[in-house]
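Asks: Got a structure for you, questions after.
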Amino acid sequence: METVISFIIVFGTLVFFHELGHFLFAKKAGIMVREFAIGFGPKIIGIQKGETLYTVRLLPLGGYVRMAGEDFDTVELLAGYRVGLLINTANEVEKIYLNRNVANPDVLFLETESSDLEKELFIEGYDEEGQLVRYNISRQAVIYEKGQKTLIAPYDRQFESKSLGSRAMAIFAGPLFNFILAFFIFLAIGLLQGVPTYEPIITSVVSGDPAQVAGMKDGDYVTGVDGKPISTWQEFATIIQNSPGVLLQLEVDRNGDSVIMDVVPKTLEEKGTEYGQIGVKYTSPVVKGPLKAVQYGAEETIVWFKRIAELLGMLVTGQLSFDALSGPVGIYQATGEMAKSGIYSLMNWAAILSINLGIMNLLPLPALDGGRLLFFLFEAIRGKPVDKQKEGMVHFVGIVLLMLLMLVVTWNDIQRFFFS
């Protein structure tokens, strides 16, 4: 249950902030947002506030922001279609009923001749007396059909009506908010837990191991190895790991005194690779302060961005096996392990996942944010947008391929965690 709750909180937060980026920049551009959804599939919770429906859906594997004008969003009234109209005090249509049976006596019925629900905002047709009449349609008009109601979207409120820069920013904002979220999580860790200094101070020495045999003690500050100055624990640990069975001369600061000792790291092997170990435990000292925390948040975000991008490059070039990929099952399993290690480990993991989500969404692949941004680049170069039907077909193929990839990595996870 702890793992389930942790996974829902972590993944739900990442998806929420990703979609929040799309939502805020769409609203800033004046685009009507019809739905802000967390999850996919059947609706569990739905709250209508203003022109936007906020929903939580059954499958917690993502989310979406549905903007007006996208994905066959518009409603077209064909000639000869019988509709019911409710007229407001300004003599504008405020409600359009596509149902044939409407109980409201104030509704006027019309056989549609022509209409425009996007630009000119009018409807024209024959009333019950056979007279040709024309009504203007309110910009806030609502269409009712089969128990569902849909606000009309005047063209200037639709996604495609906005400038290329506004559309691109509304799409890019999703990954951008993932990077911003990661920064604030690292910032919170720095403020609450403190910022690690990574000073090479030995926390404790394992009895009987090479470090203890050489005379190392708890609290020793490693200042050099074989005459080379050492300033961070990472430097010291790397030298030890790369020197199995090699005699090393360590220089440590012990209560202000310089102590020299010789140590030979014992040789261990993992997956066919040898590495050295001397038997010491380490917990980085920490410092606290707002400026240090801000610096830590920025540095960790950049470091993990570079590291994930590097791993992705290795995957693309074949240096990293495809089996290294993990899907929802792998993330779920890892989240459970991090939850057992404590709240700060879980927060750190969430920040790394957020950066990973942002980078993956920026890949120039169909159906991803990066794929849509690529089409915007084509539009900027050509001076006109790509045909919507062709773009839609590309994104559809991309969705199918992504689903296949999801199935493959999920199967890898299942084999790795349940059958290995």
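The values are calculated or read from the model by the stated rules, or taken from the named source; none is laboratory data. These numbers were taken from a predicted model, which means no experiment stands behind them. In this analysis, Cβ positions are derived from the backbone assuming ideal geometry, glycine residues included, and neighbour counts consider all displayed protein chains. For the accessible areas, the whole protein counts, side chains as well, though only heavy atoms, and no ligand, DNA or RNA atoms are used. Shrake-Rupley method; radii C 1.70, N 1.55, O 1.52, S 1.80 Å.
Asks: Choose one answer from L268, L151, L325: the residue with the largest mean-square fluctuation in a GNM of the chain with alpha-carbon springs under 10 Å.
Replies: Comparing L268, L151, L325 in a Gaussian network model of the chain, the most mobile one is L268.
Asks: If you don't mind, there's one more thing I want to ask. With a 1.4 Å probe and all protein chains kept in place, how do D226, D156 rank by accessible area, largest first? Don't skip to the end; give the middle numbers.
Replies: Working: D226 90, D156 70 Å².
So, going from the largest accessible area down, we get D226, D156.
Asks: On a 19 Å Cα-Cα criterion, which of the cross-link pairs K49/K388; K217/K281; K43/K149; K162/K388; K95/K149 come out too long? Walk me through the intermediate numbers first.
Replies: On the way: K49/K388 30 Å; K217/K281 11 Å; K43/K149 16 Å; K162/K388 15 Å; K95/K149 9 Å.
As for pairs spanning more than 19 Å Cα to Cα, those are K49/K388.
Asks: Once you order the gyration tensor axes a ≥ b ≥ c over the Cα atoms, which shape class does the stretch 224-352 get: rounded for a/c under 1.5, otherwise prolate or oblate by comparing a/b with b/c?
Replies: Oblate, since a/c reaches 1.5 and b/c is not below a/b.
Asks: Springs between alpha-carbon atoms under 10 Å, Gaussian network over the chain: tell me which of G130, G41, G165 tops the mean-square fluctuations.
Replies: Highest fluctuation of the listed residues: G130.
Asks: If you restrict to DSSP beta bridges whose two residues both lie in the chain, what percentage is antiparallel, to the nearest 5?
Replies: Details: 57 of 66 bridges.
Given both bridge residues lie in the chain, the antiparallel proportion sits at roughly 85 percent.
Asks: Leaving ligands, DNA and RNA out of it, report the carbon-plus-sulfur percent of the accessible area of the chain at a 1.4 Å probe.
Replies: Values: 13990 of 23550 Å².
It is 59 percent, rounded to a whole number.
Asks: Please report, in whole Å³, the volume per residue of the convex hull around the C-alpha atoms of the chain. Could you put the intermediate results ahead of the total?
Replies: Details: hull volume 86.0 nm³, N = 420.
Normalising the Cα hull of the chain by residue number yields 205 Å³.
Asks: Now for a separate question. Return the calculated 222 nm mean residue ellipticity for the chain, to the nearest 500 deg cm²/dmol, obtained by summing -39500 (n - 2.57) across DSSP H runs with n ≥ 4 and dividing by the residue count.
Replies: -14000 deg cm²/dmol
Asks: Now a separate question. For the stretch 309-348, go through all pairs of different Cα atoms, get the mean of 1/r, take its inverse, and jot down that Kirkwood value in Å. Walk me through the numbers on the way to the answer.
Replies: Details: mean 1/r = 0.0861 Å⁻¹.
The answer is 11.6 Å.
Asks: What does the C-alpha gyration tensor say about the overall shape of the stretch 62-164? Classify as rounded when a/c is under 1.5, otherwise prolate if a/b is larger than b/c, or oblate.
Replies: Details: a/c = 2.12, a/b = 1.68, b/c = 1.26.
It is prolate, given that a/c is not under 1.5 and a/b is the larger ratio.
Asks: Any idea of I8's accessible area? Nearest 10 Å², probe 1.4 Å.
Replies: Approximately 100 Å² of I8 is accessible to the 1.4 Å probe.
Asks: Distance between Cα centroids, the stretch 251-274 to the stretch 75-107: provide it in whole Å.
Replies: Centre-to-centre distance over Cα atoms comes out at 83 Å.
Asks: Also, I was wondering about something else. Which order do the peptides 16-23, 369-376, 289-296 come out in when sorted by mean C-beta neighbours inside 10 angstrom, highest first? Walk me through the intermediate numbers first.
Replies: Working: 16-23: 22.4, 369-376: 19.2, 289-296: 15.2.
Answer by packing, highest mean first, reads 16-23, 369-376, 289-296.
Asks: Where in the stretch 227-249 does the amide nitrogen come within less than 18 Å of the point 7 Å from the Cα of T197, taken along Cα to Cβ?
Replies: The answer is 230-237, whose backbone nitrogens lie closer than 18 Å to the label point.
Asks: From the P(r) of the stretch 284-420, can you give the percent of Cα pairs sitting at distances over 26 Å?
Replies: Working: 3816 of 9316 pairs.
Cα-Cα pairs in the stretch 284-420 separated by more than 26 Å: 41 percent.
Asks: If the elastic network links every pair of Cα atoms under 10 Å, which of E118, E270, E379 fluctuates the most in the Gaussian network model of the chain?
Replies: Highest fluctuation among the options: E270.
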